[in-house]
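The values are calculated or read from the model by the stated rules, or taken from the named source; none is laboratory data. Values in this document were obtained by computation on a predicted structure and should not be read as measured data. Because the Cβ atoms are built from the backbone with ideal geometry, glycine has one as well, and the counts that use them run over all protein chains shown.
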């Protein structure tokens, strides 16, 4: 499960408290998600300024709550299951959600946040 208690960060950065609180609430409402996709957060948290959201996500990485990793967008528009620490490690082919393999050379790569291990 993704962490949701950012109280120490909101005390440290009150200017980012609204964004951090909204991210925490979003995580609580999506308990099955394994990563934070900034694209999805930006669409879902429209009341939060995108600059503040970006700063809050960066702070979560800097403080060790999350690590930045990479996922590939499948031809059907969803994120492939595999997670990569470095986009250069993405193989030429990956399975989509129906276990059909697709060529990753033309696919978008998305930076997402995963729990720090």
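Yes or no, residue by residue, for (1) over 26 Å from residue 99 (Cα atoms); (2) within 12 Å of the chain's Cα centre (by Cα):
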{"site": "30", "(1), (2)": "no, no"}
{"site": "41", "(1), (2)": "yes, yes"}
{"site": "45", "(1), (2)": "yes, no"}
{"site": "49", "(1), (2)": "yes, no"}
{"site": "52", "(1), (2)": "yes, no"}
{"site": "57", "(1), (2)": "yes, yes"}
{"site": "78", "(1), (2)": "no, no"}
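Restricting to region 10-55, what's the tally of residues that are in contact (Cβ under 8 Å) with a residue 40 or more places away in the chain and either closer than 21 Å to residue 81 by Cα or assigned by TED's automatic domain parsing to the domain that holds residue 72 (or both)?
6
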